[in-house]
1. Counting helices only, and only those DSSP H runs with n ≥ 4, report the 222 nm mean residue ellipticity of the chain as the sum of -39,500 (n - 2.57) divided by its residues, in deg cm²/dmol to the nearest 500.
2. To the nearest whole percent, what portion of all C-alpha pairs in segment 64-143 is separated by more than 16 angstrom?
3. Taking GluC sites (Glu not before Pro) as candidate sites, keep only those in a DSSP loop with at most 15 other Cβ atoms within 10 Å, then name the longest stretch of the chain containing none of them.
4. Filter the trypsin sites (Lys or Arg not before Pro) in segment 1-76 down to the DSSP loop ones having no more than 11 other Cβ atoms within 10 Å, then list what survives.
5. Would you mind calculating the relative contact order of segment 92-145 from Cα pairs under 8 angstrom and at least 6 residues apart, reporting the percent as a whole number?
6. Taking the 0 to 90 degree range and rounding to the nearest ten, how far is the long axis of helix 58-69 tilted relative to the main principal axis of the chain, both from C-alpha atoms?
7. Which whole-number percent is the relative contact order of segment 4-140 (Cα, under 8 Å, 6+ apart)?
8. Using DSSP loop states and a limit of at most 16 other Cβ atoms within 10 Å to flag chymotrypsin sites (Phe, Trp or Tyr not before Pro), what is the longest stretch of the chain containing no flagged site?
Amino acid sequence: MLDIEAIRRALPHRYPFLLIDRVTEQEDGRVVAVKNVTINEPYFQGHFAEPLEAVMPGVLILEAMAQTAAFLVPPADGEAATREGYLVGIEKARFRRKVVPGDRLVLEAVRTRARRGLLQADVRATVDGEAAASASVSLLMPPAS
């Protein structure tokens with residue numbers, strides 16, 4: 001399990017673009033992370049603001065999915081190394097339900113392919129066990145040093 005400080009050491013993202021709060025499971029080829037969605041997120045000020053319901057933008061759900069998949073990228077120098085993976089593709093993205101403040105978004109990434117500097121993963125996002133989004137993401141991995 002990785003807390004926010006371990007995630008900050010592993011990913012190059014920072015506020016307001018670090019979109020996962022905790023990694024709850026990590027094994028070979030699979031990782032599960034959590035994003036706690038709060039009304040204090042900066043994007044809620046302008047995305048479907050009053051009088052409509054605040055909704056987490058789909059593009060940010062996809063970014064959280066890609067950040068989760070980045071934990072499938074092998075670190076260059078041991079577990080503490082930065083996980084660098086550049087998002088180069090998104091396929092089969094589907095959104096099934098709104099993600100709103102108060103939701104706990106659970107993100108699960110499963111590696112489907114990793115070779116020649118490219119990692120592909122199927123990622124799904126759920127809220128209370130209900131499908132919120134899914135996609136296949138591709139990350140360009142840095143060359144091994």
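Only the coordinates and a few stated rules stand behind these numbers; no lab work does. What you are looking at is a predicted structure, and each value in this text was computed from that prediction instead of being measured. Cβ coordinates were reconstructed from backbone atoms using ideal geometry, including for glycine residues, and neighbour counts include every protein chain displayed.
1. My calculation for the chain gives -4000 deg cm²/dmol from helical runs alone.
2. Tail fraction, whole percent: 50.
3. 80-145
4. Arg14
5. RCO, segment 92-145: 37 percent.
6. On a 0 to 90 degree scale, this one is about 30.
7. Relative contact order here is 26 percent.
8. It works out to 49-145.
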